[in-house]
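Computed from the coordinates by the stated procedures, all read-outs in this text should not be read as laboratory data. Values in this document were obtained by computation on a predicted structure and should not be read as measured data. Every residue, glycine as well, gets a Cβ built from its backbone with ideal geometry; the counts of neighbours run over all protein chains shown.
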């Protein structure tokens with residue numbers, strides 16, 4: 001889950017990213033225009049890292065809220 005910083009995604013950017021995410025076949029994904037959150041679940045760590053890098057290349061500004069369950073449990 002990522003928290004996006006303004007400016008949020010435009011409708012066209014959201015459509016492009018939604019298509020990119022859907023092509024990765026995640027279990028769950030939520031990508032909306034003008035929304036401060038972006039959520040993708042069910043990707044391997046390698047695919048998730050590649051997706052985050054593609055967001056960075058697009059110039060998106062975000063903060064990672066949560067990562068895989070394994071990392072969350074290890075921190076607890």
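Looking for something within 10 Å of the chain's Cα centre (by Cα), exposed (fewer than 15 other Cβ atoms within 10 Å of the Cβ), farther than 18 Å from residue 6 by Cα and free of Cβ contacts under 8 Å to residues at least 40 places away in the same chain - is there at least one such residue anywhere in the range 27-37? Within the range 27-37, none of the residues are within 10 Å of the chain's Cα centre (by Cα), exposed (fewer than 15 other Cβ atoms within 10 Å of the Cβ), farther than 18 Å from residue 6 by Cα and free of Cβ contacts under 8 Å to residues at least 40 places away in the same chain.
Filtering the range 41-69 to residues that are touching a residue at least 24 places away in the same chain (Cβ under 8 Å) and assigned to a strand (DSSP E or B) leaves 62, 63, 64. Selection over the range 1-26 of residues that are touching a residue at least 60 places away in the same chain (Cβ under 8 Å) and assigned to a loop (DSSP other than H, G, I, E, B) gives a count of 1. Summed over the range 6-26, residues that are surrounded by 11 or more Cβ atoms within 10 Å (Cβ to Cβ) and more than 18 Å from residue 67 (Cα to Cα) total 11.
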